[in-house]
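The values are calculated or read from the model by the stated rules, or taken from the named source; none is laboratory data. All of these numbers come straight from a predicted model, not from anything done at the bench. All Cβ positions, glycine included, derive from the backbone under ideal geometry; neighbour counts span all protein chains shown.
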Amino acid sequence: MRIEPIQKTDTTVFGAIVTGVDLNHLSDEEWEVIEAAWYEHAVLVFTGQHIEEAAHVALGERIGELEQLVADRKSVPISNRKVDGSAVDAESDHFKILKGNEGWHTDSTYMPLSARASILAAQVVPEEGGQTEWADMRAAYDALDNPTREQIAALAAYHSLFYSQSKVGHNPAKGASYGLNDQDVPLRPLVKLHPVTQRPALFIGRHAYGIPGLSESESEALLERLMVFACQPPRVFGHTWTPGDVVMWDNRCVLHRARPYNYDKPRIMRHVRVAGDPRTEAGIRV
């Protein structure tokens, strides 16, 4: 197995391309190497894997219990196509949430438990566009000046899918797709200590809003300033998908976003999401 770093900063390495391993036939010894690399690099890219659904699910279960995004399914399609191959209605909740995910975010921060890990496998991709980008929130925290670190040390923000989608002109039907209502709004610290590596990272993204103790305008300004600062080179890299590629990332210390493409063209991905640990990914009780 070969692990080649993608980005380096003064304080961290971010992202790695992993070759010389077959995820469809992964041994325990190989997983130990991959897991250690994942904690170090936060995002691992495996090209040309064509991972089968059972192996995809098993990879997620090596990390922890899976988040059930759809009843009775351990993996779900992330696609602009219906099961019959026709295009998803551009006015549907489903399509507008796909569009919303072109903003920087961490998976499931609006849920009672934020996600631990995400594993995405490419099946059909457009010829142009449709990349995914990641931003290293560990390196972003490291790069903050001391006054900003002191300012945000004790601050938290609410996280809501209804808030984030409203910012892109969408009002999801209550309970649609995610079993949520607009009262299910967790409060999460702006700085998250990774439970394994013990490294601090900014924990922000498009779902974050409403910092207690700040006015609405002060909260939005601070969160926007942190996001713009965090999601800049050399803390960002993108991947242009080829069918068969697999990427796994650590939601506890990175942001990600999808990039636009010609939505008349199919983009079909399979997604496995690992649920957070209640001890470390639950919101703050208020």
**Request:** Scan Ala282, Ala275 and give me the residue that is closer than 14 Å to Lys192 by Cα and small (Gly, Ala, Ser).
**Result:** Ala282
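So is Ala275 crowded, with 20+ Cβ neighbours inside 10 Å, modelled with pLDDT of 95 or more, of a type in the set (A, V, I, L, M, F, W, C) and within 21 Å of Glu150 (Cα to Cα) or not? Let's see the steps before the verdict.
Working: crowded, with 20+ Cβ neighbours inside 10 Å: yes; modelled with pLDDT of 95 or more: yes; of a type in the set (A, V, I, L, M, F, W, C): yes; within 21 Å of Glu150 (Cα to Cα): no.
The answer is no for Ala275.
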**Asked** What residue, of Val246, Val228, is modelled with pLDDT of 95 or more and closer than 30 Å to Gly20 by Cβ?
**Response** Val246
**Request:** Would you mind stating whether Ile211 is under 25 Å from Leu69 (Cα atoms), in contact (Cβ under 8 Å) with a residue 12 or more places away in the chain and in a loop (DSSP other than H, G, I, E, B)?
**Result:** no
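Tally time: how many residues in region 41-60 are in a helix (DSSP H, G or I) and in contact (Cβ under 8 Å) with a residue 40 or more places away in the chain? Even if it seems obvious, please write down each step before you answer.
Within region 41-60, the subset in a helix (DSSP H, G or I) is 41, 53-60.
Now narrow it down to the ones that are in contact (Cβ under 8 Å) with a residue 40 or more places away in the chain: 53, 56-57, 59-60.
The qualifying residues number 5.
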**Request:** Scan (1) charged (D, E, K, R); (2) surrounded by fewer than 21 Cβ atoms within 10 Å (Cβ to Cβ); (3) within 14 Å of the chain's Cα centre (by Cα) for the single condition Asp264 breaks and write down its number.
**Result:** (3)
**Prompt:** Applying the selection to region 183-233, what residues are out of contact with any helix residue (DSSP H, G or I) (no Cβ under 8 Å at 6 or more places or on another chain), surrounded by 15 or more Cβ atoms within 10 Å (Cβ to Cβ) and of a type in the set (Gly, Ala, Ser)?
**Reply:** Ser219
**Message:** Suppose the filter is surrounded by 14 or more Cβ atoms within 10 Å (Cβ to Cβ), among the charged types (D, E, K, R) and closer than 26 Å to Trp38 by Cβ; does Asp107 pass it?
**Reply:** yes
**Residue identified as loosely packed, with under 14 Cβ neighbours inside 10 Å and touching a residue at least 40 places away in the same chain (Cβ under 8 Å) among Glu127, Glu133, Glu102** = Glu127
**Message:** Restricting to region 1-36, and then to whatever is charged (D, E, K, R) and part of a helix (DSSP H, G or I), can you tell me which residue is surrounded by the most Cβ atoms within 10 Å (Cβ to Cβ)?
**Reply:** Glu30
